[in-house]
Amino acid sequence: MREQKIRLKKFDHLADRLNGVLLANFEVETNPDFLYLTNFSGYGIFYYDFSSPALFVPDIDLSRARKSWTNVEPYKNYESFVKKLKRKKIGVSKTALSAADFSRLSRRFRTVDVSKDIAAARSVKTPYEISRITRACALTRRIMDYSIKNISRKMTEIELKAIIEKRMLDMNVERSFPTIVATGKNITEPHHTPGKTKLDETTLIDMGVKVESYCSDMTRTVNSEYEEPIERTLEEVYAIIKPGVKAADLHKKANDSLGALKKHFITSLGHGIGLEIHENPVISLNSKDILKESMTVTIEPGVYMKNGIRTEDDIVITRSGFRNLTR
């Protein structure tokens, strides 16, 4: 599969210090690093020796695994295979493994943590990935428009959430995270859990869907008195976005634009999106990340007060600037 070759090539620089890279998925919840290189969400072990990849899966998953991007072998062959790795240095993603699983692998061969290398590779998207995120954003725009039209002050936050997520099901898409609906004073909580509060005049909706495992993440706020300063902040941040810009400088620009309101801006300005709803880069004052072409990120300034606001867009960094996927 050509897409897998493009992704594997991002790891060839590790061949100077490693004999291979091994990723494992031992949990029901799919390890996104494993999914990134295999396009397979089941149980298994993936190995790449910088020439040809292999995927070991149990018999129960063999037929499904053969639809992945990788040559598949029965899991029972793994034991004889792993004996060949005994004296080799193998890269593993420590952050994507439980402590017990990492310890189990470390007893079999010499392990080197390559989680930062994988995160860096995943942060710069391929055209294949950008097309999936773009489609997810287009669907999210449609669902957001539908949701805003159906807001009624007779309903509660959780009732509006149910309407939104039913619309996702009707459109045959999966949510990328539990939908947030917050109204009135509940907007002070960035990750508010929708409850039985009746909708006030000001209502915030934060939602996203997945297209072939790739996420969108969009927020709009209806009837907030702080819409004008937030739109101004977005304009000023967008004016400086391009490859090479420091992520921390974007957050600083947002703070400068918000002025006295910045004390109510209590979150980071944004984050990467892809197979996970939060991934590299991080856009905050303390971030060391630098924007690169083909990164997909959120930009989400907010004022967290009663009847406050958050406006969140998803963008892709282009050669000379960016493209907004949610406008």
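Considered as a group, the residues in region 134-155 that are among the hydroxyl-bearing types (Ser, Thr, Tyr) and surrounded by fewer than 17 Cβ atoms within 10 Å (Cβ to Cβ) include one that is nearest to residue 214 (Cα to Cα), and that residue is 146.
So, in region 211-226, exactly how many residues are crowded, with 21+ Cβ neighbours inside 10 Å, within 25 Å of the chain's Cα centre (by Cα) and either among the acidic types (Asp, Glu) or part of a loop (DSSP other than H, G, I, E, B) (or both)? Quick ask: steps written out before the conclusion?
If we filter region 211-226 for residues that are crowded, with 21+ Cβ neighbours inside 10 Å, which is where we start, we get 214-221, 224, 226.
With within 25 Å of the chain's Cα centre (by Cα) added as a condition, the list becomes 214-221.
Next, only the ones that are either among the acidic types (Asp, Glu) or part of a loop (DSSP other than H, G, I, E, B) (or both) stay: 216-217.
Qualifying residue count, region 211-226: 2.
Could you list all residues from region 276-327 that are more than 19 Å from the chain's Cα centre (by Cα) and in a strand (DSSP E or B)? If the condition is that a residue be more than 19 Å from the chain's Cα centre (by Cα) and in a strand (DSSP E or B), then 302, 303, 309 are the ones that fit. Scanning region 238-256 for residues that are under 28 Å from residue 147 (Cβ atoms) and surrounded by fewer than 22 Cβ atoms within 10 Å (Cβ to Cβ) turns up 238, 241. Would you point out the residue of region 174-194, among those that are assigned to a loop (DSSP other than H, G, I, E, B), farther than 18 Å from residue 159 by Cβ and not aromatic (Phe, Trp, Tyr), that is farthest from the chain's Cα centre (by Cα)? Only one residue fits best here, namely 189.
Among the residues making up region 24-63, those that are under 24 Å from the mean Cα position of the chain (by Cα), of a type in the set (A, V, I, L, M) and closer than 22 Å to residue 5 by Cβ are 24, 35, 37, 45.
Look through 105, 55, 62 and report the one residue that is within 20 Å of residue 117 (Cα to Cα) and aliphatic (A, V, I, L, M).
Working: 55 fails: within 20 Å of residue 117 (Cα to Cα); 62 fails: within 20 Å of residue 117 (Cα to Cα).
From the options 105, 55, 62, the qualifying one is 105.
The helices (runs of 4 or more DSSP H) found entirely in region 46-159 that carry 2 or more residues being in contact (Cβ under 8 Å) with a residue 40 or more places away in the chain are 99-106, 115-123, 127-149.
Among the residues of region 15-36, those identified as out of contact with any strand residue (DSSP E or B) (no Cβ under 6 Å at 6 or more places or on another chain) and either more than 17 Å from residue 68 (Cβ to Cβ) or not hydroxyl-bearing (Ser, Thr, Tyr) (or both) are 15, 16, 17, 26, 27, 28, 29, 32, 35.
Just so you know, all these numbers are worked out from the coordinates, no wet-lab data involved. Model, not experiment: these values are computed from the prediction. Counting neighbours? That spans all protein chains shown, and the Cβs are built from the backbone with ideal geometry, glycine included.
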